[in-house]
Amino acid sequence: MSDALVIAGKSYESRLLVGTGKYKDFAETRAAIDASGTEIVTVAIRRTNIGQNANEPSLLDYLPPAEFTYLPNTAGCYSADDAIRTLRLARELLDDHRLVKLEVLGDPNTLYPNVTETIAAAKVLVKEGFEVMVYTSDDPIIARQLEEIGCVAVMPLASLIGSGMGILNPWNLQIIIESAKIPVLVDAGVGCASDAAIAMELGCAGVLMNTAIAAARDPVLMAGAMKKAVEAGRESFLAGRMAKKLYSASPSSPTTGMIG
Amino acid sequence: MKSGMQILVNGKAMQLPSEAMTVMALVEHMQLTGKRIAVERNGDIVPRSQFHAVQLQGNDKLEIVGAVGGG
């Protein structure tokens with residue numbers, strides 16, 4: 001059965017997107033990425049170190065762009081202008097690469113998104129031909145506006161970035177999922193495998209995570225757990241859950257043929 | 001006569017040995033040849049194909065970036 005995740009016309013087998021930050025070293029990054037089965041990896045765009053170890057290995061040596069779909073992000077940007085500049089650089093850096101993750105933050109303590117700046121940036125980026133996967137709050141109206149602007153995926157938070165608090169408002173996520181025609185991915189807040197499964201059971205098209213894997217005691221083992229959770233959650237969603245009842249007079253075993 | 005010129009690279013002042021340097025020459029000077037980088041000069045992207053053609057001016061502001069781990 002083919003159940004591909006389609007983003008901006010491209011199909012992906014895996015519905016798990018993984019960030020490449022906070023790992024112990026590049027070898028662990030690579031091992032976790034492999035265990036997760038992900039095809040889309042997020043990267044940040046940062047100033048190169050001047051005059052330091054010109055030959056030191058880089059992330060790209062461990063995760064060759066030919067093997068993965070790179071999703072350059074705007075992490076750390078607090079204005080639409082900074083986010084736009086960062087992604088223009090990313091596009092040049094990755095040979096006219098258009099698929100990007102837009103995130104504009106509003107507060108350095110909570111890392112809560114600034115939705116007005118996010119909307120302003122999305123408008124410019126879509127006009128410039130970027131395929132924008134947009135990180136946002138779980139506000140259904142903002143999600144709808146981002147879709148109307150032409151973003152290719154909307155990615156509401158489950159809870160705050162790096163918090164591992166899980167899915168705090170499944171109701172809002174459900175409203176966003178029900179009304180969106182573009183893929184809805186949970187981005188941020190997932191802490192453990194059951195969180196990822198719950199997101200997928202709600203009907204999310206995918207889950208994007210970084211800290212939940214990188215900050216686990218055993219990141220590679222957790223990456224494998226997340227792979228299974230996303231797959232299990234997806235299948236559970238597709239299968240359609242049974243109706244919830246307070247109690248049932250219908251046991252699973254036959255009521256006839258009892259001894260005695 | 002003072003030779004060379006000063007530019008700003010990634011927020012830091014840099015003294016260049018010559019007044020006639022292209023972006024390409026700067027990239028070589030910084031030992032970044034062959035590295036996957038992107039360059040912004042005074043707010044505008046300099047495409048890699050134009051590195052050899054774009055002449056640096058004194059007080060230019062450059063950003064030279066690469067991809068790093070991130071979520």
Quiz item: Using 7 Å Cα-to-Cβ label points, what is the A:Arg47/A:Asp25 separation (nm, one decimal)?
Solution: 2.8
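With all protein chains present and a 1.4 Å probe, how do A:Lys127, A:Lys10 order by accessible area, largest first? Please report the intermediate quantities before stating the final value.
Details: A:Lys127 175, A:Lys10 105 Å².
Descending accessible area places them as A:Lys127, A:Lys10.
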Exercise. Quick one: grab the alpha carbon gyration tensor of the range A:8-132, order the square roots of its eigenvalues as a ≥ b ≥ c, and give me rounded if a/c is under 1.5, else prolate or oblate depending on whether a/b is larger than b/c.
Key: prolate
Self-check item: Inter-chain Cβ neighbour average for residues B:25-38, partner chain, 10 Å
Solution: 3
Practice problem: Would you please classify the overall shape of the range A:177-247 from the alpha carbon gyration tensor, given that a ≥ b ≥ c denote the square roots of the eigenvalues, rounded means a/c under 1.5, and beyond that prolate means a/b larger than b/c while oblate covers the rest? | Solution: oblate
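Based on the Cβ-Cβ distance from A:Tyr112 to B:Gln57, what FRET efficiency comes out when R0 is 51 Å, to the nearest 0.05? Don't skip to the answer; put the middle values down first.
Details: r = 41 Å, r/R0 = 0.80.
Calculated transfer efficiency: 0.80.
Between B:Ser49 and A:Glu235, how high is the FRET efficiency from 1/(1 + (r/R0)^6) when r is the Cβ-Cβ distance and R₀ = 51 Å? Nearest 0.05. Don't skip to the end; give the middle numbers.
On the way: r = 47 Å, r/R0 = 0.92.
According to the calculation, E is roughly 0.60.
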Practice problem: Determine the gain in length on full extension of the stretch A:Met165-A:Asp139; use 0.36 nm per residue of separation and subtract their C-alpha separation, reporting nm with one decimal. | Solution: 7.6 nm
Quiz item: Going by alpha carbons, how many degrees (0 to 90, nearest 10) lie between the helix axis of A:219-239 and the longest principal axis of chain A?
Solution: 50
Quiz item: With every protein chain present, what accessible area does A:Leu93 have (1.4 Å probe, heavy atoms only), rounded to the nearest 10 Å²?
Solution: 0
Quiz item: Spin-label point model (7 Å from Cα, Cβ direction): what's the B:Val68 to B:Glu28 distance in nm?
Solution: 2.8
Quiz item: Can you list the residues of the range A:76-91 with backbone N under 11 Å from a point 7 Å past the Cα of A:Glu128, pointing along Cα to Cβ?
Solution: A:81-91
Quiz item: Can you give me the pair-distance distribution of the range A:107-260, C-alpha pairs, 5 Å bins, whole percents?
Solution: 2, 9, 16, 17, 16, 13, 9, 6, 3, 2, 2, 1, 1, 1, 0, 0
Self-check item: Solvent-accessible area per residue for the range A:113-260 (1.4 angstrom probe, square angstrom)
Solution: 51
Exercise. For A:Thr255 paired with A:Ser11, estimate the spin-label separation in nm (one decimal), with each label point 7 Å from Cα along the Cα-to-Cβ line.
Key: 4.7
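Out of all DSSP beta bridges in the range A:1-82, what portion is antiparallel? Express it as a percent rounded to 5. Show your work: numbers first, answer last.
On the way: 3 of 10 bridges.
For the range A:1-82, the DSSP antiparallel bridge percentage is about 30.
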Quiz item: Hey, with R₀ at 51 Å, roughly what FRET efficiency would A:Arg217 and B:Glu19 work out to, going by the Cβ-Cβ distance, to 0.05?
Solution: 0.35
Self-check item: Label point 7 Å beyond Cα of B:Lys35 along Cβ direction - residues of the range B:49-70 with amide nitrogen under 15 Å
Solution: B:62-69
Self-check item: Helix A:115-127 vs. chain A, principal-axis angle (Cα, 0 to 90°, nearest 10)
Solution: 70
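Dividing the alpha-carbon Rg of chain A by 2.2 N^0.38 Å yields what? Please report the intermediate quantities before stating the final value.
Details: Rg = 20.0 Å, N = 260, 2.2 N^0.38 = 18.2 Å.
The value comes to 1.10.
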Quiz prompt | Helical mean residue ellipticity (222 nm; -39500 (n - 2.57) per DSSP H run of 4+; nearest 500) of chain A | solution = -11000 deg cm²/dmol
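Taking every DSSP beta bridge that has both residues in the protein assembly as shown, what percent is antiparallel when rounded to the nearest 5?
Working: 22 of 47 bridges.
Close to 45 percent.
The values are calculated or read from the model by the stated rules, or taken from the named source; none is laboratory data. Only a predicted model underlies this, so the values are computations on that prediction, with no experimental measurement involved. Please note: Cβ atoms are built from the backbone with ideal geometry, for glycine as well, and neighbour counts cover all protein chains shown. Calculation scope for accessible area: heavy atoms of the full protein, side chains included, ligands and nucleic acids excluded. Shrake-Rupley method; radii C 1.70, N 1.55, O 1.52, S 1.80 Å.
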